[in-house]
Amino acid sequence: MWLAGPDPAGLPRALDMLLAAQARTFLYTADVVTAVESFPGHRGTVNGILKYSVSALRQYLYDVIN
């Protein structure tokens, strides 16, 4: 897509791809911060649960939607 050259119609698509790439990282960071603030004594456990279960759930929902 990037090698195709300048395409004015492709700008919204490129911005959409940029937003989609950053949204997952932002949401994961927000999840971790909220969980660590809620359970300060169990930071490792909370991060482990979020890393595996939430990521798997998001991937499943993405597969179902698309």
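The values are calculated or read from the model by the stated rules, or taken from the named source; none is laboratory data. It should be emphasised that the depicted structure is a prediction, and the values quoted were computed from it without experimental measurement. Heads up, the Cβs are rebuilt from the backbone with ideal geometry, glycines too, and the neighbour counts pull from every protein chain shown.
Restricting attention to segment 30-66 and to residues that are closer than 21 Å to A20 by Cβ and among the aromatic types (F, W, Y), the residue that is farthest from the chain's Cα centre (by Cα) turns out to be Y60. The single condition among (1) modelled with pLDDT under 80; (2) under 24 Å from Q59 (Cα atoms); (3) surrounded by 10 or more Cβ atoms within 10 Å (Cβ to Cβ) that V33 does not meet is (1). Residues in segment 1-26 that are modelled with pLDDT of 75 or more and surrounded by 12 or more Cβ atoms within 10 Å (Cβ to Cβ): A14, M17.
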